[in-house]
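Worksheet: the structure to be examined is printed underneath.
The values are calculated or read from the model by the stated rules, or taken from the named source; none is laboratory data. Note that this is a predicted model, so its numbers are computed, not measured. Using ideal geometry, Cβ is built from the backbone for each residue, glycine included, and neighbour counts are taken over all protein chains shown. Only protein heavy atoms, including side chains, enter the accessible area calculation; ligands, DNA and RNA are left aside. Shrake-Rupley method; radii C 1.70, N 1.55, O 1.52, S 1.80 Å.
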Amino acid sequence: MASAFIIGGTGQIGIAVARRLAEEGWAVRLGSRTPPPAEGPWQHVPFDRSAPDALKTAIDDGADLLMDCIAFDEADADGLLSAQASVGHIIAVSSASVYRDEQGRTLDEAGERGFPRLPVPIREDQPTVDPGPGTYSTRKAAMERRLLDRAQCRATILRPAAIHGPYSKHAREWWFVRRLLDGRQRIPLAYGGRSRFQTTSVAAIAEAVVWAVAEDRPPILNVADADAPTAAEIGRAIMAAMGRSAEIVGLSDERYPPSAGMSPWSVAGPFVCSSLAPNAGTYAQTVRDAVIWLIEATRGRDWRSVLPQLAAYPWDLFDYEGEDRVLSAAR
């Protein structure tokens, strides 16, 4: 029986991948500091990657697949490489944010240097930022480069975009879900609601992992849903999943960031990825699980404690008074 050890395995990506690998007959261990949020076909191994020799100790007699859902920089890549003699294949989750345009602009710098103008769709051979410690994207690029340059076993980099699924701490869907739960009848969206920020379900990531381990696949894979819905289409898909409706009001503001209607998918230009890997369906076909989980996970709780990464956004995600002023002017 093939075996997998998943670092960060109790988060949204790890749980989805673990379930999918178990369906294929894999024995799966989840390495993390916190226990899994649900029972499943896996073994949990308490794991803190900052401890000396933590990974070598945790994987014990090795694994056919070592997957890192939270690899962030060169140090994390070095940790993976320290255990490569005991594993057959390393997969690390990076981000599509590493891509840059001809002026060197990335999503990280969209507010400072203008929004990047990237091809539609973005393929895996699109240039990326130079590796370094400066930003989220440069650190992810450094992790990628170190791993691919120094791995002596098979190594694969996955580049998802706006991830959605249960157990997320950064569930963008909450922007719509809470408005619908609060009974908002009109929802403003910047850029006319036409923004396209590529979505990626955790189910698509799981399918990409199964595909990548089956044969000798390319070392870098974008991971994307079967479509790249607009912000307005995302809202309608969430409404359908909840059985609720509201009017989406497209605003004409073209600035970045926009003055109103700024959702987590509001971008000034298209950010759409192609993928060589298989997907799990369209956004509308895969988002329901995330919506159901969000409603249950936030029931009776402060949403900020459930979604700390979303709560860290540098603007008020639920400024209803400001929205009402904009909506009154838009009538």
Could you list all residues from segment 318-331 that are out of contact with any strand residue (DSSP E or B) (no Cβ under 8 Å at 6 or more places or on another chain) and open to solvent by less than 50 Å² (accessible area, probe 1.4 Å)? Phe318, Tyr320, Gly322
So how many residues does segment 52-72 have that are at pLDDT below 90, of a type outside the set (D, E, K, R) and open to solvent by 40 Å² or more (accessible area, probe 1.4 Å)? 2
Where a residue in segment 142-160 is among the acidic types (Asp, Glu) and its partner, wherever it lies, is in a helix (DSSP H, G or I), with Cβ under 8 Å and at least six apart: Glu144/Ala77; Glu144/Val98
Where a residue in segment 6-17 is under 21 Å from Ala83 (Cα atoms) and open to solvent by 10 Å² or more (accessible area, probe 1.4 Å) and its partner, wherever it lies, is in a helix (DSSP H, G or I) and not charged (D, E, K, R), with Cβ under 7 Å and at least six apart: Gly8/Gly14
Restricting to segment 188-224, and then to whatever is touching a Phe, Trp or Tyr at 6+ places or on another chain (Cβ under 7 Å) and open to solvent by less than 10 Å² (accessible area, probe 1.4 Å), can you tell me which residue is nearest to Asp319 (Cα to Cα)? Ser195
Any hit, segment 281-296, residues being of a type outside the set (Val, Ile, Thr), open to solvent by less than 80 Å² (accessible area, probe 1.4 Å), part of a loop (DSSP other than H, G, I, E, B) and under 20 Å from Gly165 (Cα atoms): yes
Before we move on, is Ser266 at pLDDT 95 or above and not in a helix (DSSP H, G or I)? no
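Kindly evaluate Gly31 against the criterion of being surrounded by 14 or more Cβ atoms within 10 Å (Cβ to Cβ) and closer than 18 Å to Ala204 by Cβ. Even if it seems obvious, please write down each step before you answer.
On the way: surrounded by 14 or more Cβ atoms within 10 Å (Cβ to Cβ): yes; closer than 18 Å to Ala204 by Cβ: no.
No.
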Output for Cβ contacts, cut-off 9 Å, separation at least six or different chains, first residue on the phi < 0 side of the Ramachandran plot in segment 282-299, second open to solvent by 40 Å² or more (accessible area, probe 1.4 Å) and among the acidic types (Asp, Glu), reads Thr282/Asp227; Tyr283/Asp227; Tyr283/Glu233; Ala284/Asp227; Ala284/Glu233
Scanning segment 86-128 for residues that are free of Cβ contacts under 8 Å to residues at least 12 places away in the same chain and not in a loop (DSSP other than H, G, I, E, B), which turns out surrounded by the most Cβ atoms within 10 Å (Cβ to Cβ)? Arg113
Residue by residue through segment 211-240, note down the ones that are within 17 Å of Ile91 (Cα to Cα) and polar (S, T, N, Q). Asn222
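Quick one: is Leu180 of a type outside the set (Phe, Trp, Tyr), over 24 Å from Pro219 (Cα atoms) and open to solvent by less than 60 Å² (accessible area, probe 1.4 Å)? Outline the logic, then answer.
On the way: of a type outside the set (Phe, Trp, Tyr): yes; over 24 Å from Pro219 (Cα atoms): yes; open to solvent by less than 60 Å² (accessible area, probe 1.4 Å): yes.
It is true that Leu180 is of a type outside the set (Phe, Trp, Tyr), over 24 Å from Pro219 (Cα atoms) and open to solvent by less than 60 Å² (accessible area, probe 1.4 Å).
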Answer with yes or no whether Gln152 is in a loop (DSSP other than H, G, I, E, B), touching a strand residue (DSSP E or B) at 6+ places or on another chain (Cβ under 9 Å) and either farther than 18 Å from Gln198 by Cα or open to solvent by 10 Å² or more (accessible area, probe 1.4 Å) (or both). no
When residues of segment 297-317 are filtered for being more than 20 Å from Leu189 (Cβ to Cβ) and open to solvent by 50 Å² or more (accessible area, probe 1.4 Å), how many remain? 9
Among residues of segment 34-50 being open to solvent by 90 Å² or more (accessible area, probe 1.4 Å) and within 14 Å of Phe5 (Cα to Cα), the residue modelled with the highest pLDDT is Gln43
